[in-house]
1. For residue 22, which of the numbered conditions (1) farther than 29 Å from residue 65 by Cα; (2) at pLDDT 95 or above fails to hold?
2. Would you call residue 101 surrounded by fewer than 10 Cβ atoms within 10 Å (Cβ to Cβ), modelled with pLDDT under 70, in contact with a helix residue (DSSP H, G or I) (Cβ under 8 Å, 6 or more places away or on another chain) and assigned to a loop (DSSP other than H, G, I, E, B)?
3. So which residues in the stretch 27-38 are under 18 Å from residue 9 (Cα atoms) and part of a helix (DSSP H, G or I)?
4. Taking the stretch 39-65 as the search range and keeping residues that are modelled with pLDDT of 95 or more and outside any helix (DSSP H, G or I), which one is surrounded by the fewest Cβ atoms within 10 Å (Cβ to Cβ)?
């Protein structure tokens, strides 16, 4: 497999060209490589195969999904942690009382 480095911009050009270039096109990889200075048809085909392997690993659950700061689910979890932490500091306790239980 090729060990050629790809920039973000090159990946975008590759992705756009990949969508536009039909799978059955003769010399498909060469056509895409023409849009990527310094990349050969072999580089482009190897990049495609690596991306397919990555996709298969993700779909098989072998790669954990990244945690994004703007993910609503992640924000809910962080809010919950902060609320518990504030309550514990304010009350001087290690955990809040059980639901429906009144402490005197």
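1. Among (1) farther than 29 Å from residue 65 by Cα; (2) at pLDDT 95 or above, residue 22 violates only (2).
2. Considered against the rule, which asks whether it is surrounded by fewer than 10 Cβ atoms within 10 Å (Cβ to Cβ), modelled with pLDDT under 70, in contact with a helix residue (DSSP H, G or I) (Cβ under 8 Å, 6 or more places away or on another chain) and assigned to a loop (DSSP other than H, G, I, E, B), residue 101 comes out as no.
3. 29, 31, 32, 33
4. Once the filter is applied, the top-ranked residue is 40.
The values are calculated or read from the model by the stated rules, or taken from the named source; none is laboratory data. Keep in mind it's a predicted model, so treat the numbers as computed, not measured. In this analysis, Cβ positions are derived from the backbone assuming ideal geometry, glycine residues included, and neighbour counts consider all displayed protein chains.
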